[in-house]
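Step one of this worksheet: look at the structure below.
Read the figures in this text as sums done on the coordinates, not as results from a lab. The structure displayed is predicted, hence computed values, not measured ones. A quick note on method: Cβ atoms are made from the backbone with ideal geometry, for glycine too, and the neighbour counts reach across all protein chains shown.
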Amino acid sequence: MVRQKRSHHTDDEKFYNQKRFRKPTKRKKELFHFLDFYNERRPHSALGWMTPLEKLRSFPEYQGATLSLKSVTYV
């Protein structure tokens, strides 16, 4: 068995396996909201209860970083 990367496993577990979509446009919209929540508002224990964006900004070279999900690709 091939082990998935943790983020893909979480995406499957928390998003793709929770809902079924009839239209790709609806899935893309919902995925955008899920990723926004997951990366910008949900604290992660592995990151010391910081969000991924907060952790990224904790490094001096990324203090002004923002996440851009304008183009979401899915399969």
Kindly state, to the nearest 0.05, the FRET efficiency for GLU40 paired with ASN17, given R0 = 25 Å and r defined as their beta-carbon distance. 0.65
Can you give the FRET efficiency to the nearest 0.05 for LYS55 and GLU30, using r as the Cβ-Cβ distance and R₀ = 30 Å? 0.75
Amide H to amide H, which residues 5 or more places from HIS44 or on other chains are under 5 Å from it, using H placed in the peptide plane? TRP49, MET50, THR51
